[in-house]
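Beneath this line is the structure, given in structure tokens, with notes to follow.
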Amino acid sequence: NCGDISTDPDFGIPTASQVLCTGSTYNSSCTYTCNTGFLAVGTSTYTCGPGGLGDWQPHPLSFFCSATDVTQTLVDAPPLGTVYQAGESFSIGVVARNSLGSVVDTGDDLMEVTLPDFGIVAVGSYAGYGACHLAPLTYVVVPAAAAAAGSEVSGSALTEGSFSGATVTLTIVVRDLYGNARVSSDDAGLIEVVPKRGALSLPVSLGNLGSAEYMASFTPVEGGLYTISVVVNGLAPLGSVVDTGDDLMEVTLPDFGIVAVGSYAGYGGIYNISVDMTGAADTAPALAGTYQATMLVNKREHAISPLTYVVVPAAAAAAGSEVSGSALTEGSFSGATVTLTIVVRDLYGNARVSSDDAGLIEVVPKRGALSLPVSLGNLGSAEYMASFTPVEGGLYTISVVVNGLPHPSSPWVIVVSAICPPGFQSVDESTCAECPENTFSEVINAGRCELCPENMRSPSISPSWANCTCAPNFWLGLEGHRRNAGCVACPRGGECRGGLAPPVAAKGFFDVSPNGDGSQFEQCRRPGACAGGFQQCAAGFEGFMCNTCSANHYSDGSGACRKCPPGSSGLMIAFVLAIVVTAIGVVVFMLLTYAGEATAIADGQGALVTAEMRYTRGSYSHRRRVPHSLSQAIVFFQILGVIAKSSLQWPSRVQETLLIFNVINLDLDIFASECSLSSFEAKYALSTLYPLFFLLISTLAWILIKSVRYSFARLRTLPAFDAPTLIVLERTVIIVAPLLYIPLSRSSLILFDCSRLADGNYYLDADLGRRCFDAAWLRLLPLGLIAVCIYVIGIPLYIGLPLLFKRLVVVGASLFFSEAQIWQVSALLALFTTATVLHSQHEPYYEPLYNKLELRLNVCAMIVLGFGFAFYADRFPNEVSRYIFIIGCIAVVVTAVAILAWTFLVELRALFKLHKNPDAEFDLDVRQIIFWRELEKNAPDWVNKSLVEHILTYRGELNEDQRSMLKLDESVASVSIGIDDSLNLVASADASSRNSVVIPASVDIYATDAGNDAGAGVGLTDSLLSKPHTLAAPGSSLAATAALDDGDGIPLVSLNDDVVYTTHNVFDDLDADIIVE
């Protein structure tokens, strides 16, 4: 409620007005009106705003009632168009009247005249009676009288001079005092131009050029100095020469207190000023540097000021130079280097910093008549260092000469003592030796130099233990620099530069010490996050241990922070569209591939068919319309993608190769989701809820297709449309859930995958910038628990736990053993090894092709894990061996892809045959193959040989394709036939070449006459080897001999006859023609 506006201190009711309100609550309004005879001025309506008491808008009141009517007010002003000269003023009288024509004499009206060209506002004053009012007026301003101060004089001769005999021309523009050109006047009579050379005046010609311009000209006939005076309307214009000679011209040098006064030249207003720069050092600018001078005209500073001048040092002078050194006053010691510092200056004490005066310096130290060699070096900034080493004690003289003259204090006499100071050790009574590096001495005449503590270094001539500092890769430790305390090894993850500096983080590590003293470092979890040094985080990373991605950055599949790509929101749109397209594709797939099942459903056998498809190996389960190797490939690639995200220090080439497979894991990091989603919470919600969106789209697509099927003749005949929607949803779950189990389990469990970092807090491994167990995490906890129940637990219970157990262990090991790499690799290797052994024994897939493919993929996964562990151990002797492992790892992945591609092509070929003849029966059931294998292994131990014979007889009736499907070792080894010296046929069977246990077998050998001697059509039908004969084991054999006769003892053939003998073996169905000569 805004309250009563009439009593509000910022509003109220103005004089001669009243207010009417619709209320005082929000959006109510109040309108002001004036009494009769008064005019409303300002805003009349005000509205109650949301701010409560007093919040009337607009604020405050701007309304009042005026008795004065503009239309009735009288104005007494000069006639419009009145001409004024520049500088003149005018006044206006106004009588204020109301709308009835009566005079308003309240005196509270505001009367103004505005001059917008100049921004002038003239306010009227009340006369005490009547009233005033002004209206827009037009006025004309004309130039005032000609004035020299406003006029201009120009001409090249004024600045450049002229020549004798050449005409000098001046242009004069006549203006008034305000700068207005007098274009409408002829002011030639007001202009006077007087050129002079000395006292001689020259004649001048003056002409009017128009537009207030005039030209004056004269011709000097002789060279010399001329003065030109110009007078306009009795006064000289600004800038004219003043030749009175009574002006005061001065130049001051404030840095030195110098004032130079000018002298008049006698003509032309010219003054000469001479500044003495050669005076004594205390009265002249003798110090080198940059200084300023001030030009004064009649005690006022000229515009040319300040003047800048530079003083440079004079020649080197011994008298101005300085020589210093502790030895000059304190003496020195034998064996100790004496050092002198010489500063070269000029006579005024200016340091010759820009010169190299080493050649002008001569230093001569002597002991008696013996001169010592001197080393002289330029230190810069006019400083030079001279050094020499007295080897014996005694008196020494040192002479210093600069630029050929000795220094005023030269020579110096110093005492060189044989006493060895700290930093030296005594060799004998008159000789001292410097303490070498990494040693020190703290007393005079030390007998020996002490070694620095462990892992410490010091320069030579160290006079104290404090000169001992840490060697590289060591630091002082938490106790600091202490006597007799050595340095400790640099902490893991730190870089120690030595000296007294604390450790700094190495690249890839972060300083987590409580006080930031460099005592503890932790390896950064994100790759490339920690740059090391004092600037610990690389670009794009921030926060504790550089775990948080900076603004406009996202976490990629490897965990590194990348800059958001342009159009990152488009990637998320593509992700959503992919879900929609896939959902529709699954519905179409079910529609086209499960028509037969739908028929059974339509016949009222829905529950039975569903159960049979899910749990049995009947006709529905193994007559697939899509290669099963495709789903095996998806799961294998998902496992490779999970392995790629483990912290095994993969080389970049290998990790980039493996991370490609994370597309199949629907990893949102690939789509730069953090660039589009506002928070981790939104990302987690999307990763757990998109399957529900998938089911929704699938359901809507099914309903839509069913609703339009009657519009398409081909769709109308499909019986699958009779299936209930719940059955369709169940089929969608059965198809999609096993393929999405790894990504769904991983995305659900990442909320519970937390690691404790060095600051004592727990953080999500999936996003190390997010803390666990805080308020934001607890808000996500219900969603995470629901996702775990539905995806991680619910899907295995619904589909079958054995099928998905391996995938669950892969996800669990990759998440919860992420920082225990040895345990992680061990768990995964144990998993794949166990899976391989169990798979070999039980062969869970109906088709042998799938069992073989699964075994090969398990082996490939184990090899990749082995390579990963090798990269983690990083024990490669050189880069070549590491590169060989990189190539080997990639080769294994390529091999696995090739195996999958080959299996996929084999399945496609089989499916193509099935498509051409969909009603064909299977030649041999897979379970029959298993039966024959078991029979081959156990039949030799059977007691009932007759039963074995009957079974094998059935087996012999299989066709060639059926027998090839058994893929057993069926050869009888070698069967030989020959004729002995008695013309008897000799046959034998030898199992010595067999590589497996031989089951009971029958071998039939028949002989027929292929020659002419035995008579056409005559043959032997008796088997030479009566059946059955058993080849019990490898290495066993059997043989038989038969005479070739017709049964009455008459030979049928001779050695010259050609006889064809045929052998028949039920194992391999081999017919061999043997020619016996």
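Here are the numbers for this structure:
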read-out	value
Only one of PHE510, PHE541 that is over 21 Å from CYS496 (Cβ atoms) and hydrophobic (A, V, I, L, M, F, W, C)	PHE541
Residue within the stretch 837-850 that is aliphatic (A, V, I, L, M), part of a helix (DSSP H, G or I), at pLDDT 85 or above and in the same structural domain as LYS645 (by TED's automatic domain parsing) present	yes
Considering residues of the stretch 534-552 that are in contact with a Gly (Cβ under 7 Å, 6 or more places away or on another chain) and in contact (Cβ under 8 Å) with a residue 12 or more places away in the chain only, the residue farthest from PHE510 (Cα to Cα)	CYS549
Enumeration of residues in the stretch 37-48 that are surrounded by 15 or more Cβ atoms within 10 Å (Cβ to Cβ) and either of a type in the set (A, V, I, L, M, F, W, C) or more than 17 Å from LEU20 (Cα to Cα) (or both)	PHE38, LEU39, ALA40, CYS48
Within the stretch 791-831, considering residues that are surrounded by 15 or more Cβ atoms within 10 Å (Cβ to Cβ) and charged (D, E, K, R), the one farthest from the chain's Cα centre (by Cα)	LYS806
The listed residue being buried (at least 17 other Cβ atoms within 10 Å of the Cβ), free of Cβ contacts under 8 Å to residues at least 60 places away in the same chain and not assigned by TED's automatic domain parsing to the domain that holds ARG770, out of ALA531, ALA489	ALA531
Residue check, SER154 at pLDDT below 90 and either among the hydroxyl-bearing types (Ser, Thr, Tyr) or within 19 Å of VAL221 (Cβ to Cβ) (or both)	no
Among the residues listed as SER519, SER464, the single one being closer than 30 Å to ASP767 by Cβ, among the hydroxyl-bearing types (Ser, Thr, Tyr) and not assigned by TED's automatic domain parsing to the domain that holds GLY769	SER519
Test result for ALA181, modelled with pLDDT under 90 and over 13 Å from GLY150 (Cβ atoms)	no
Conditions (1) touching a Cys at 6+ places or on another chain (Cβ under 8 Å); (2) part of a loop (DSSP other than H, G, I, E, B); (3) crowded, with 16+ Cβ neighbours inside 10 Å: number failed by PHE773	(3)
Residue that is buried (at least 18 other Cβ atoms within 10 Å of the Cβ) and at pLDDT below 80, where the choices are LEU658, LEU666, LEU640	LEU666
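Residue-by-condition table, conditions (1) at pLDDT below 85; (2) assigned to a helix (DSSP H, G or I); (3) among the basic types (Lys, Arg):
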site: LEU696; (1), (2), (3): no, yes, no
site: ILE727; (1), (2), (3): yes, yes, no
site: PRO738; (1), (2), (3): yes, yes, no
site: LEU749; (1), (2), (3): no, yes, no
site: SER755; (1), (2), (3): no, no, no
site: ASP759; (1), (2), (3): yes, no, no
site: GLY769; (1), (2), (3): yes, no, no
site: ARG779; (1), (2), (3): no, yes, yes
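Let's see how each residue does on (1) over 20 Å from the mean Cα position of the chain (by Cα); (2) assigned to a loop (DSSP other than H, G, I, E, B); (3) without any contact (Cβ under 8 Å) to a residue 40 or more places away in the chain; (4) crowded, with 23+ Cβ neighbours inside 10 Å:
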| position | (1), (2), (3), (4) |
| --- | --- |
| LYS507 | no, yes, yes, no |
| SER513 | yes, yes, yes, no |
| GLU522 | yes, no, no, no |
| GLY557 | no, yes, no, no |
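Conditions tested, residue by residue: (1) at pLDDT below 90; (2) within 30 Å of ALA145 (Cβ to Cβ); (3) small (Gly, Ala, Ser).
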site: CYS2; (1), (2), (3): no, no, no
site: CYS30; (1), (2), (3): no, no, no
site: ASN35; (1), (2), (3): yes, no, no
site: VAL41; (1), (2), (3): yes, no, no
site: TYR46; (1), (2), (3): no, no, no
site: ASP69; (1), (2), (3): yes, no, no
site: GLN72; (1), (2), (3): yes, no, no
site: PRO78; (1), (2), (3): yes, yes, no
site: VAL95; (1), (2), (3): yes, no, no
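The values are calculated or read from the model by the stated rules, or taken from the named source; none is laboratory data. Because the structure is predicted, anything quoted here is derived from the model rather than measured. Because the Cβ atoms are built from the backbone with ideal geometry, glycine has one as well, and the counts that use them run over all protein chains shown.
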